[in-house]
Amino acid sequence: MNIPYVERLNALAARLPFHLDDVERVNTVFLRWHTSRGEDDRKTLDIWVYCRTQSYVLNKLAKDTEATPNDFDQLSSVVFTKVRSGMESVRKPERFANWVNVVCRNAYINERKRERPRDELNEEMLKDDTAPALMDLDRAEIMRAVEGAIGRLPPSLSIVGRMKLLEGKNYKQIAEATGLPISSVRTYTAKALARLREDPEIREIVRDIIPGLLSQEEG
């Protein structure tokens, strides 16, 4: 990690009138700007968005064993651009900070997938633990929706879907717990995901805060 850059980023974040992870204050400023288009609020949001997206990418790359020194510039640019270009069209301004976190996550994953294959992207997005303060509300809403949708599946799909998506078990563990062959576990998982993609509540979540989540292929 580039320590001088991190120090400069921290110095820039210190210019904010609130802590970088203060979700409520961020949402308040965005909601005010969304209504009045005040120049001071926009400058504050620009600083926050820049610091937030850069910090997100730095934290993700620090955990990525396949990352190279050149990855940061490309990824940080993509993630920042995605967030910056979408600010005018946020559908729920009172949830702006959560929206930013989701856009960061999706942009990062999609860019890494474009560069090289990634396994089990649906599970990575459900388990992403970067900046917990910014994703708690979205994670809770996502998991509530997924759990409810799984409960509406036929029993055979529900059991496998719950173990795979909510409990994080791998195919071998599910096979051992259910007595099913691994090939059947894979088939049931694929069928469960296909049904979840069509669930009305899941589709509502996807449309509002996590575009692209259920369009990824299961690994």
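The values are calculated or read from the model by the stated rules, or taken from the named source; none is laboratory data. All figures in this text were calculated on a predicted structure; none of them were measured in a lab. Reconstructed Cβ throughout: ideal geometry from the backbone, glycine too, with neighbour counts over all protein chains shown. Side chains are part of the model used for accessible areas, which takes the heavy atoms of the whole protein and leaves out ligands, DNA and RNA. Shrake-Rupley method; radii C 1.70, N 1.55, O 1.52, S 1.80 Å.
Odds and ends about this structure:
- The set of residues in segment 81-95 that are in a helix (DSSP H, G or I), within 17 Å of the chain's Cα centre (by Cα) and either more than 15 Å from CYS51 (Cα to Cα) or β-branched (Val, Ile, Thr) (or both) comprises THR81, VAL83, GLY86, MET87, ARG95.
- Within segment 114-133, not a single residue is open to solvent by less than 10 Å² (accessible area, probe 1.4 Å), at pLDDT 90 or above and touching a Leu at 6+ places or on another chain (Cβ under 9 Å).
- Residues satisfying the stated conditions in segment 178-198, i.e. open to solvent by less than 60 Å² (accessible area, probe 1.4 Å) and under 25 Å from the mean Cα position of the chain (by Cα): THR189, ALA190, ALA192, LEU193, ALA194, LEU196
- Qualifying residue in segment 68-80 (condition: farther than 19 Å from LYS113 by Cβ, surrounded by fewer than 17 Cβ atoms within 10 Å (Cβ to Cβ) and under 16 Å from the mean Cα position of the chain (by Cα)): no
- Among residues of segment 55-67, those that are within 22 Å of PHE30 (Cα to Cα) and either at pLDDT 95 or above or open to solvent by 30 Å² or more (accessible area, probe 1.4 Å) (or both), counted: 0
- Hits in segment 178-195 - residues which are without any contact (Cβ under 8 Å) to a residue 24 or more places away in the chain, of a type outside the set (Lys, Arg) and in a helix (DSSP H, G or I): THR178, ILE182, SER183, SER184, THR187, ALA194
- Condition met for LEU16 (out of contact with any Leu (no Cβ under 9 Å at 6 or more places or on another chain), modelled with pLDDT of 95 or more and outside any helix (DSSP H, G or I)): yes
- When the residues of segment 28-49 are filtered to those that are of a type in the set (S, T, N, Q) and either within 13 Å of CYS104 (Cβ to Cβ) or within 24 Å of the chain's Cα centre (by Cα) (or both), the one that is least open to solvent (accessible area, probe 1.4 Å) is THR44.
- The lone exception for ASP40 - which of (1) in contact with a Cys (Cβ under 8 Å, 6 or more places away or on another chain); (2) not in a loop (DSSP other than H, G, I, E, B) it fails: (1)
- Only one entry of ARG91, ARG25, ARG52, ARG95 meets the criterion of being basic (Lys, Arg), farther than 25 Å from ARG112 by Cα, surrounded by 15 or more Cβ atoms within 10 Å (Cβ to Cβ) and in contact (Cβ under 8 Å) with a residue 40 or more places away in the chain, and that entry is ARG95.
- Scan of segment 157-177 for residues that are surrounded by fewer than 14 Cβ atoms within 10 Å (Cβ to Cβ) and in a helix (DSSP H, G or I), ordered by number: LEU166, LYS172, GLU176
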